[in-house]
Amino acid sequence: MSVAEKKQYNLLDALKIVAAFFVVCIHVHFPGDLGRCVIAVARFAVPFFFMVSGFFLGNKMRYPYHEKS
């Protein structure tokens, strides 16, 4: 697959940016109820990264001998 033919996943790229922001929010300590709400909402980020990694790894395993340019 040439560089010109390489498939782009723009939605996944955008979601990874949002998830990265939420990972940072998990590590920043917000006070009180706001902190608990931020952590509750941000908890999707780490499993999301595992799922995206699995998606791309699955594609690599499905087509292991695909041409590399």
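The values are calculated or read from the model by the stated rules, or taken from the named source; none is laboratory data. Everything numeric here is computed off the predicted structure, so don't read it as measured data. Every residue, glycine among them, receives a Cβ derived from its backbone with ideal geometry; neighbour counts consider all protein chains shown.
The sole residue among Phe21, Phe30 that is at pLDDT 90 or above and among the aromatic types (Phe, Trp, Tyr) is Phe21.
Look at the range 21-66 and say how many of its residues are β-branched (Val, Ile, Thr) and either surrounded by fewer than 12 Cβ atoms within 10 Å (Cβ to Cβ) or closer than 30 Å to Lys7 by Cα (or both). Of the residues in the range 21-66, 5 are β-branched (Val, Ile, Thr) and either surrounded by fewer than 12 Cβ atoms within 10 Å (Cβ to Cβ) or closer than 30 Å to Lys7 by Cα (or both). Residue pairs whose Cβ atoms lie under 7 Å apart, sitting 6 or more positions apart in sequence or on different chains, and linking a residue in the range 29-41 that is part of a helix (DSSP H, G or I) to a partner that is surrounded by fewer than 12 Cβ atoms within 10 Å (Cβ to Cβ), are Gly35/His29.
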